[in-house]
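Below you'll find the structure, written out as structure tokens, and then a few comments.
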Amino acid sequence: MTMPDTKLIQRDAIKATTKQDPIRTITKHYIDGAFVESHGREVMDIINPSNGKVLARVTLADEEDARHAIAAAKRAFASFGKTTKEERTKVLRRLHEVVSAHIDDLTATMVEEYGGTAVFSRIMMEAAANVFLSAEKALQELPLTRSWGKTTVTLEPVGVAGLITPWNANSFFLSAKLASAVAAGCTAVIKPSELSALQTQVWLECLHEAKLPKGLCNVVAGRGNVVGAEIVRNPDVAKISFTGSVAVGKTIMRDGATTMKRVTLELGGKSPNILLDDADLDKAIPASLAIAFMNSGQACVAGTRLLVPKSRLDEVKQAILNAMPAFPAGDPVDPKSAIGPMVTQQQYERVQSYIRKGIEEGAEVIVGGEGHPKGLEAGYFVKPTVFVDVKNDMTIAKEEIFGPVLSVIAYKNEDEAIRIANDTNFGLHAYVNGTDVGRARRVASRILTGRVAINGMLDDQQAPFGGFKHSGVGREFGTFGIEAFLEPRAILE
């Protein structure tokens with residue numbers, strides 16, 4: 001498949017106003033298989049987080065746009081909800097093809113608009129393409145009909161799905177949620193983060209190029225309390241899949257109950273990373289810093305609580321100091337940069353407030369601290385920061401910071417490490433590092449999280465993803481993710 005002309009994307013989806021004014025404008029949403037002018041009139045600036053300059057202006061959707069999108073999805077579900085596995089497989093393969101063809105464009109836009117580092121952004125865009133193939137594999141493995149005696153049970157698509165995605169890996173979340181919904185036979189209305197307008201438009205070019213059935217996927221970019229709220233309360237939407245904050249997740253669960261919506265909520269974490277006393281620090285510390293600082297710390301699965309044996313605390317501190325030069329903040333376009341800017345000025349200020357709070361509560365900064373890294377004052381860059389002498393009841397150990405801030409917590413023995421790991425309102429992800437893999441697995445089995453990775457940042461798109469406690473409800477990916485969009489129906493003779 002040939003690569004599309006990038007200029008075509010700029011012409012069709014994202015328009016510059018004049019040659020003198022390079023600011024791009026986005027005024028359309030994607031409804032019923034076409035780009036349509038926004039009914040909503042609110043205009044928002046999109047800021048380049050690397051330099052604070054305006055990149056684009058987007059016209060946000062309103063409730064009327066959302067209702068049009070929902071109506072299109074409802075019409076399309078009448079036929080798509082009856083499709084076979086083979087028909088859905090063709091759609092998933094086509095989506096894989098077009099997203100794969102645009103990986104360069106999607107990566108470049110993520111770097112520019114969001115500030116994701118070039119290396120991380122490309123990894124995520126490759127994952128965005130591959131998630132459709134993973135959903136296809138899961139669909140083939142999932143029996144949609146089961147029977148015994150004179151009883152037959154079929155798994156039926158739940159209906160129109162409302163997919164609400166965050167800003168920290170926009171195109172990946174769009175692809176992942178859509179893949180599971182399509183595999184289940186659902187049609188979709190998507191509300192991406194309004195902070196990701198440019199990324200969304202490039203992704204929509206993929207969607208349009210795929211020539212999917214009209215109304216199968218509809219995308220309206222607007223504010224959560226406007227478009228998101230309409231999707232959640234609208235009786236024609238049967239299912240909500242949301243990734244974002246705990247506060248918003250609680251609102252969705254409460255408001256969606258009015259129309260008995262099924263919900264999947266992925267709401268963040270404060271992931272523990274346990275270094276056992278037999279860990280090889282030459283490997284474990286660089287890996288742990290990479291886990292803590294992934295996506296500039298703006299990752300729900302970031303291992304931001306590093307639990308280390310008291311007996312090895314001094315070794316760990318020195319190992320961190322030795323490894324930190326490999327994690328510089330810098331221009332996200334530069335492949336040598338490990339940490340890019342925060343997404344907005346507001347997020348920059350939020351991270352700064354947590355760094356100040358950590359200092360006020362008595363934790364020691366051994367790397368980083370307040371303010372911008374030297375030479376990066378123009379953007380929303382944060383110094384990658386490591387605290388030691390952290391207690392698990394400190395604010396920086398309890399709350400999700402969503403920035404490149406790591407808290408090192410010492411423990412006496414294995415039981416205390418597990419107690420500290422579980423002493424949190426969250427339960428999304430965890431990590432265990434040790435040379436005795438059998439022991440590491442036993443420790444992992446005692447941690448109350450949806451996923452635990454042993455000796456590194458590991459992924460499996462067939463494995464369920466989701467959290468215990470305040471980290472959410474339900475699971476995504478693989479057969480587990482598809483089942484979240486299905487309802488069983490039993491017919492008895």
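Helix 118-141 axis versus longest C-alpha principal axis of the chain: approximately 50°, rounded to the nearest ten.
Can you tell me how the stretch 291-389 classifies by the Cα gyration tensor, rounded, prolate or oblate, using a/c under 1.5 as the rounded cut? Could the numbers behind the result be given before it?
Numbers: a/c = 1.84, a/b = 1.40, b/c = 1.31.
In terms of gyration-tensor shape, prolate.
With a simple spin-label model that places each label point 7 Å from the Cα along the Cα-to-Cβ direction, the separation between Glu399 and Asn322 comes to 3.6 nm. Counting only DSSP beta bridges whose two residues both lie in the chain, roughly 45 percent are antiparallel.
Listed by chain and number, the aspartates and glutamates whose alpha-carbon sits under 18 Å from that of Lys74, ignoring those within fewer than 8 places in the same chain, are Asp32, Glu63, Glu64, Asp65, Glu156, Glu230, Asp236, Glu487. Convex hull volume of the Cα atoms of the stretch 272-460, normalised per residue: 112 Å³. Pair-distance distribution of the stretch 147-198: all C-alpha pairs, bin width 5 Å, starting at 0; shares per bin in whole percent are 4, 19, 23, 15, 12, 9, 6, 5, 3, 3, 1.
The GluC sites (Glu not before Pro) found in the stretch 200-275 include none that occupy coil by DSSP while having at most 14 further C-beta atoms within 10 Å.
Pairwise Cα separations in the stretch 215-278 fall into 5 Å bins from 0 onward with the following percentages, short to long: 3, 15, 23, 22, 12, 6, 5, 5, 3, 3, 1, 0.
In this simple spin-label model, placing a label point 7 Å from the Cα along the Cα-to-Cβ direction at both Glu64 and Lys150 gives a separation of 5.6 nm. State the percent of C-alpha pairs, over all pairs in the chain, separated by a distance greater than 43 angstrom. In whole percent, the share of Cα-Cα pairs in the chain beyond 43 Å is 16.
Each reported figure results from applying straightforward, stated rules to the coordinates on display, with no laboratory input. Computed from a predicted model, the values in this text were never measured in an experiment. Here Cβ is always computed from backbone atoms with ideal geometry, including for glycine, and neighbour counts include all displayed protein chains.
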